[in-house]
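This is the structure I have questions about; it appears just below.
The values are calculated or read from the model by the stated rules, or taken from the named source; none is laboratory data. Small disclaimer: the values here were computed from a predicted structure and weren't measured. Methodologically, a virtual Cβ is constructed for each residue, glycine included, from the backbone with ideal geometry; neighbour enumeration extends over all protein chains shown. Please note that ligands, DNA and RNA were not included when accessible areas were found on the heavy atoms of the full protein model with its side chains. Shrake-Rupley method; radii C 1.70, N 1.55, O 1.52, S 1.80 Å.
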Amino acid sequence: MAIILDGKALSEKMMAELKNRVDALRAKGKTIGLSVILVGENPASQVYVRNKGKACEALGIRGDTILLPEQTTQEELEALIIKLNRDDGVDGILVQLPLPKHLDETKALRLIVPEKDVDGFHIENAGKLFTGQEGVAACTPKGILAMLKAWNVPLSGKEAVVIGRSNIVGKPVAMLLLNENCTVTICHSRTADLAAHTRRADILVAAVGKPRFVTADMVKPGAAVVDVGINRVDGKVVGDVDFESVEKVAGYISPVPGGVGKMTICMLMENVIEAAEKKVC
Ligand code: NDP
């Protein structure tokens, strides 16, 4: 049976450490602020935003959620981002994705000043990650690495396979694994013979968005399997990995819920605190 990469337990431990950093800043007279912009009424986004608010509250970070109506224009959204960029009390700005279809996501994200881009989606932060410079790393990929390291999963020289090539998960996690000296393969919907790749993986990251997509026959015995997926099936949240079958083959496995999702929020909090610490120094 695989060892569980328990994101819930790890994130609770890390949150306690983050609380100390918030308290240390407060002792210097610095309060921390995160502004989250939510456009429209996407139910999943509402849950994510609520969870981010709760995490802020637990740490003593001021979390402002700015709710904008579905029909918000690009100009209105951009004016708000510019205002928050200029607001000294705001250390981090997050635009909850996806935005309604009529809005230009890329343009909006580019407008956030890179120092306040706590999601790590700004082209400058993405570029820094790809060129090995210090910047803000995207929260989910950063959380995945933190989890693998916490359980001492060997990375250097190992075969890592990432299923998914999105800008927010697949590509940045591949880059972080490459920076750890893994030999990385990125797979996607046009990959021929996906299982031939996944069966070679010592570390397998599934970021597909398809319920229970990765099955035991696709996994190398002893591999570390990280499940990023959040899929709703019959009112239940399930991952991209068929947990029941894969846990019998894998060496490590992250559950859904209680895995990567918890780590993502924790890393967001870390990025906000780091942004505030940089301002104080
Ligand atoms: P995207 O939809 O942007 O990307 C999915 C990727 O999977 C694409 O690259 C796509 O390939 C690939 N893919 C789709 N079908 C197949 C297939 N049959 N074989 C191989 N590859 C395939 O999703 P995201 O990266 O944004 O998210 C992935 C999952 O992770 C979702 O379930 C999402 O909800 C979840 N998520 C969870 C987070 C967390 O905190 N736990 C944070 C962010 C996302 P192609 O590019 O060719 O289309």
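Just want to confirm a number: the relative contact order over the stretch 114-170, from Cα pairs under 8 angstrom separated by 6+ residues, in percent. Display every interim value, and only then the final one.
Working: 40 pairs, mean separation 16.8, N = 57.
29 percent.
Tell me the net charge near L99. Cut-off is 11 Å between Cβ atoms, L99 excluded, with +1 for each Lys or Arg and -1 for each Asp or Glu.
Values: positive: K101, K107; negative: E70, D104, E105.
Taking every other residue near L99 into account, the sum is -1.
Enter the angle in degrees (range 0 to 90, nearest 10) between the Cα long axis of helix 7-27 and the first principal axis of the Cα atoms of the chain, meaning the one along which they spread out most.
Helix 7-27 and the main axis of the chain meet at about 30 degrees.
Quick check on the stretch 139-261: take the gyration tensor over C-alpha atoms, sort the square-rooted eigenvalues as a ≥ b ≥ c, and tell me if it's rounded (a/c under 1.5), prolate or oblate.
Cα axes put the stretch 139-261 in the rounded bin.
Within 13 Å, Cβ to Cβ, of I265, how many net charges do the neighbouring residues add up to if Lys/Arg are +1 and Asp/Glu are -1? Can you show the working numbers first?
Values: positive: K8, R50, K52, K54, K142, K262; negative: E12, E57, D119, E270.
Net of charged neighbours comes to +2.
Please list, in chain and number order, the residues 5+ apart from G63 or on another chain whose amide H is under 5 Å from its amide H, with Hs placed from the backbone.
For G63, the qualifying residues are L34.
Of G40, G60, G235, which is the most mobile in a GNM of the chain whose springs link Cα atoms less than 10 angstrom apart?
Judging by the Gaussian network model, the answer is G235.
Using the alpha-carbon atoms, what tilt in degrees (0 to 90, nearest 10) does helix 74-86 show relative to the longest principal axis of the chain?
So the helix axis and the longest Cα principal axis differ by about 80 degrees.
Now, a different point. Explain nothing, just the number: relative contact order of the chain, from Cα pairs under 8 Å at least 6 residues apart, as a whole percent. Walk me through the numbers before you get to the answer.
Values: 553 pairs, mean separation 61.4, N = 281.
In percent, rounded to a whole number, it is 22.
Using Cα positions and a limit of under 20 Å, work out the lysines in reach of K158, with same-chain residues fewer than 8 apart set aside.
Straight-line reach from K158, under 20 Å: K142, K149, K171, K220.
Against the longest alpha carbon principal axis of the chain, how many degrees, from 0 to 90 and to the nearest 10, is the axis of helix 170-179 turned?
Around 80 degrees separate the two axes.
Can you show me the helix-derived [θ] at 222 nm for the chain, built from DSSP H runs with n ≥ 4 at -39,500 (n - 2.57) apiece and divided by the number of residues, rounded to the nearest 500. It would help to have the intermediate numbers written out before the result.
On the way: 10 runs with 118 residues, N = 281.
It lands at -13000 deg cm²/dmol.
Within the chain, what percent of beta bridges assigned by DSSP are antiparallel, to the nearest 5? Numbers along the way, then the final one.
Values: 3 of 33 bridges.
Taking every DSSP beta bridge with both residues in the chain, the antiparallel ones total about 10 percent.
For the stretch 22-147, what does the alpha-carbon gyration tensor say about shape, rounded, prolate or oblate, given a ≥ b ≥ c as the root eigenvalues, a/c under 1.5 as rounded, and a/b over b/c as prolate?
On the way: a/c = 1.44, a/b = 1.18, b/c = 1.22.
Cα axes put the stretch 22-147 in the rounded bin.
Mind giving me the nanometre distance, one decimal, between the label points for K279 and D104, set 7 Å out from Cα along Cα→Cβ?
Distance between label points: 2.8 nm.
Could you sort H122, H102, H188 by their accessible area in this structure, using a 1.4 Å probe and putting the largest first?
Details: H122 15, H102 105, H188 60 Å².
My answer, sorted largest first, is H102, H188, H122.
Please arrange L5, L111, L67 by accessible surface area, largest first, computed with a 1.4 Å probe and ligands excluded. Mind dumping the intermediate values first?
Values: L5 0, L111 55, L67 125 Å².
Ranking L5, L111, L67 by accessible area, largest first, yields L67, L111, L5.
Sticking with this one: Distance cut-off 26 Å, Cα to Cα: go down the list K30/K54; K30/K116; K28/K262 and report the pairs above it.
K28/K262
Next question. Over the stretch 139-261, what is the mean sequence separation of C-alpha contacts under 8 Å (at least six apart), divided by residue count, expressed as relative contact order in percent?
On the way: 267 pairs, mean separation 26.8, N = 123.
Rounded, it is 22 percent for the stretch 139-261.
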